[in-house]
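Undergrad: Sharing a structure here in structure tokens format.
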Amino acid sequence: MHPDVAVDILKKAETSLVSYRDTGFADAQTSAKEICEEMNVEAALKQKRLRTTKRQFSYEAPDEPITDALKKMEFSFFNVVVDMAIESLRERTGMMSDVAKKFSVLISFSSELEKQAKDLCNTLTSGDHSDLNYDELIVEMQSFPKQWPKQNMTKLDLVFLEEKGLKEIYPNMWVALRIAVTTPVSVVSAERSFSKL
């Protein structure tokens, strides 16, 4: 999967979760009642008796405790879990957007070609070693056939350089494309050891 495709999917998942936050608890409650009816179990949560504690006088009154068990479950559990999932997706979408933006120069040669190519070269630099030569990359992109890249083209489509035997003519683009198509879209630390290679 490409980072730009992953960003699109993550945005759709975030939108879905935001709408689920509004209606999901009621839907889950309805499903739970149906399951309870099938199992001949009473569909009710047990009400816990609230403990009262002696309080000293203070300027701020304490929040009113939620006495309804369903409301308490919705506010203290359901909404918290869904909000954490939404925030996690937003964070992941932001990181993937940055990666997709850095590699976007490979499929859309815009007017800011030099600046975007420099950003890509800086991204693929570690210490004194760089995977790309900036000056050669600019020359390669400027001499790239005008019919490429096409509309709605992905980085994987550009791997045609291998098929056409053009990777020796465009070595820096070839290196950047290989890195782009093998960059894992997952940011979970446990999965980082599994690359697309």
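Throughout, read-outs are computed from the coordinates displayed, never taken from laboratory work. Computed from a predicted structure; not experimentally measured. Cβ: placed from backbone, ideal geometry, glycine included. Neighbour counts: every protein chain shown.
Undergrad: For the pair Arg90 and Tyr134, how long in nm is the line joining their label points, each one 7 Å along Cα→Cβ?
TA: Result: 3.5 nm between the two label points.
Undergrad: Please order Asp4, Asp135, Asp128 by the number of other Cβ within 10 Å, starting at the fewest. Could the numbers behind the result be given before it?
TA: On the way: Asp4 19, Asp135 11, Asp128 5.
Listing Asp4, Asp135, Asp128 from fewest to most nearby Cβ atoms yields Asp128, Asp135, Asp4.
Undergrad: Next up: Taking 0.36 nm per residue of sequence separation and subtracting the Cα-Cα distance, how much length would be gained by fully extending the chain between Glu168 and Asn122, in nm to one decimal? Mind dumping the intermediate values first?
TA: Details: separation 46, 0.36 × 46 = 16.56 nm, distance 2.25 nm.
Once the chain is fully extended between Glu168 and Asn122, it gains 14.3 nm.
Undergrad: To continue, here is another question. Sort Cys121, Cys36 so the one with the fewest other Cβ atoms within 10 Å of its own Cβ comes first.
TA: Fewest-to-most ranking of Cys121, Cys36: Cys36, Cys121.
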